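Q: Dropping a structure here in structure tokens format, bear with me for questions.
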Amino acid sequence: MSEKIEFVKCLIIGSGPAGYTAAIYASRANMSPVLYQGTQPGGQLTTTNDVENFPGYPDGITGPEMMIELQSQAKRFGTDVRDGWVTSVDFSGKIHKLWINNNKEIHCETVIISTGASAKYLGLPSEQKYLELGGGVSACAVCDGFFYKNQEVVIVGAGDSACEEAHYLSKLCSKVTMLVRRDVFRASKIMANRVINTSNIEILFNTETHEVIGDGQVVTGVKFINNLTNKISEIPATGFFVAIGHKPNTEIFKEFLDLDDTGYIINKPGTSKTNIDGVFVSGDAADHVYRQAVTAAGTGCMAALDAERYLASLE
Ligand code: NDP
């Protein structure tokens, strides 16, 4: 039996920097926002150890601590932060309908989508072990590369992201080894050429990760297999970077919102507006280019301001 329908002026979906920034602005504008945290409260940053590139934290802060601070800031102005995730939506009418945990129905005047994206991982048990330990596995070179200054690292992937991140790492690390599973890059020529022409990047084609090795606490090397010869080799490394793509968390919206062919929500240029009036998007759910906490926070602010103006236009 479903619960009674609740009416909400502004519903925010997601609890990363985009969602909480939208919540801070929306609550300060008296929009009485309700925020559902989703399946990973705090978002992708909760899987990062130290955040050193978010302005305003000169000594850095851990990802989980930063998310707690953002949550308290949103609550301080009255955001109703709730557990639960949105399981389906109906954006076909003027009032937007959403269901929480397949049960509770909410009707909203405005919706701010901040559901983010999830980095893809290889799924190897050894990779997951050191990821969970915070011991040297990362899916974000810009976030974590600094911790591997003058060290040797391995990066997996052959798309534009892998090339961009390998190049970024090459400026910090003494050596970057790129494991490419086919004999070609997927990346654009210009990006591929950039890594090919960088002297401290070694590219190993037809190569797949066999195992991330470590001392039980941190990564110490990577075993890889040549998929033509089946030969297994090992290289020392203190960091293992995975750059095999991201998946935006937008599945439940695809019936109503315009998505690009990789699933990212298409926003109207320079705004947070989607193709549905009253539905706004912020953060990585619409951004496959920048994907930073600070850019997500910026678009969260935009979404709250756009939602406020939309509500004013209805009055
Ligand atoms: P892509 O999907 O383009 O590339 C993913 C890469 O990971 C592919 O090379 C793929 O290999 C490899 N891969 C996937 N699964 C595995 C696996 N299990 N083991 C080993 N390798 C694997 O993702 P990106 O994140 O690179 O890019 C996403 C989009 O964002 C693209 O459109 C890209 O152009 C764009 N982008 C643009 C940038 C820019 O212009 N500055 C920067 C970053 C991204 P295979 O090739 O064999 O399938």
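The values are calculated or read from the model by the stated rules, or taken from the named source; none is laboratory data. These numbers were taken from a predicted model, which means no experiment stands behind them. Please note: Cβ atoms are built from the backbone with ideal geometry, for glycine as well, and neighbour counts cover all protein chains shown.
Q: Within segment 1-57, how many residues turn out to be modelled with pLDDT of 95 or more, of a type in the set (Val, Ile, Thr) and closer than 30 Å to residue 148 by Cβ?
A: 1
Q: Please specify each residue of segment 1-46 satisfying the condition of being part of a loop (DSSP other than H, G, I, E, B) and not polar (S, T, N, Q).
A: Scanning segment 1-46 gives 1, 3, 4, 5, 14, 16, 29, 31, 33, 38, 41, 42.
Q: Something else now. Please go through segment 167-198 and give me each residue that is more than 9 Å from the ligand (Cβ to nearest atom) and among the polar types (S, T, N, Q), ordered by number.
A: Those that are more than 9 Å from the ligand (Cβ to nearest atom) and among the polar types (S, T, N, Q): 170, 174, 177, 193, 197, 198.
Q: So is residue 116 under 19 Å from residue 307 (Cα atoms) and either within 16 Å of the ligand (Cβ to nearest atom) or modelled with pLDDT under 95 (or both) or not?
A: Numbers: under 19 Å from residue 307 (Cα atoms): yes; either within 16 Å of the ligand (Cβ to nearest atom) or modelled with pLDDT under 95 (or both): yes.
Judged against the criteria, residue 116 is a match.
Q: Kindly check whether there is at least one residue in segment 223-230 that is charged (D, E, K, R) and crowded, with 18+ Cβ neighbours inside 10 Å.
A: Initial filter on segment 223-230 (charged (D, E, K, R)): 223.
Cutting the leftovers down to crowded, with 18+ Cβ neighbours inside 10 Å gives us none.
Checked segment 223-230: no residue is charged (D, E, K, R) and crowded, with 18+ Cβ neighbours inside 10 Å.
Q: Restricting attention to segment 167-186, which residues are within 25 Å of residue 230 (Cα to Cα) and not charged (D, E, K, R)?
A: 176, 177, 178, 179, 180, 184, 185
Q: Among the numbered criteria (1) within 20 Å of the chain's Cα centre (by Cα); (2) modelled with pLDDT of 95 or more, which one does residue 97 miss?
A: (1)
Q: Here is a follow-up. Give segment 231-240 a look and list any residue that's within 15 Å of residue 174 (Cα to Cα) and either surrounded by fewer than 13 Cβ atoms within 10 Å (Cβ to Cβ) or among the aromatic types (Phe, Trp, Tyr) (or both), or say none.
A: Correct list: 240 only.
Q: Considering segment 262-310 alone, what residues qualify as being within 16 Å of the ligand (Cβ to nearest atom), at pLDDT 95 or above and either surrounded by fewer than 17 Cβ atoms within 10 Å (Cβ to Cβ) or among the hydroxyl-bearing types (Ser, Thr, Tyr) (or both)?
A: Once the filter is applied, which keeps residues that are within 16 Å of the ligand (Cβ to nearest atom), at pLDDT 95 or above and either surrounded by fewer than 17 Cβ atoms within 10 Å (Cβ to Cβ) or among the hydroxyl-bearing types (Ser, Thr, Tyr) (or both), segment 262-310 yields 264, 266, 295.
Q: Here's a follow-up. Give all pairs with beta carbons closer than 7 Å in which a residue from segment 55-66 that is under 15 Å from residue 16 (Cβ atoms) and without any contact (Cβ under 8 Å) to a residue 60 or more places away in the chain meets a residue that is surrounded by 15 or more Cβ atoms within 10 Å (Cβ to Cβ) and small (Gly, Ala, Ser); count only pairs at least 6 apart in sequence or on separate chains.
A: Short answer, once both residue conditions are applied: 64/42.
Q: Please find, within segment 1-45, the residue that is nearest to residue 300 (Cα to Cα) out of those that are in contact with a Cys (Cβ under 6 Å, 6 or more places away or on another chain) and β-branched (Val, Ile, Thr).
A: In this case the residue turns out to be 21.
Q: Let me ask you something else. Restricting attention to segment 74-119, and to residues there that are hydroxyl-bearing (Ser, Thr, Tyr) and touching a strand residue (DSSP E or B) at 6+ places or on another chain (Cβ under 8 Å), which single residue is nearest to residue 140 (Cα to Cα)? If you could, list the steps in order and put the result at the bottom.
A: We begin by selecting, within segment 74-119, every residue hydroxyl-bearing (Ser, Thr, Tyr); these are 79, 87-88, 92, 110, 114-115, 118.
Those left that are additionally touching a strand residue (DSSP E or B) at 6+ places or on another chain (Cβ under 8 Å): 79, 87-88, 110, 114-115, 118.
On the way: 79: 30, 87: 28, 88: 30, 110: 32, 114: 19, 115: 18, 118: 11 Å.
The extreme case among them is 118.
Q: Another question, then. When you scan segment 224-250, how many residues do you find that are more than 14 Å from the ligand (Cβ to nearest atom) and either touching a Ser or Thr at 6+ places or on another chain (Cβ under 8 Å) or in contact (Cβ under 8 Å) with a residue 40 or more places away in the chain (or both)?
A: 7
Q: Additional query: Mind checking whether some residue in segment 60-70 is on the phi > 0 side of the Ramachandran plot, out of contact with any helix residue (DSSP H, G or I) (no Cβ under 7 Å at 6 or more places or on another chain) and modelled with pLDDT under 95?
A: Yes - at least one qualifying residue is present in segment 60-70.
Q: Touching an Asp or Glu at 6+ places or on another chain (Cβ under 7 Å) and exposed (fewer than 15 other Cβ atoms within 10 Å of the Cβ): which single residue out of 84, 60, 78, 56 fits that description?
A: When all the criteria are applied, what remains is 60.
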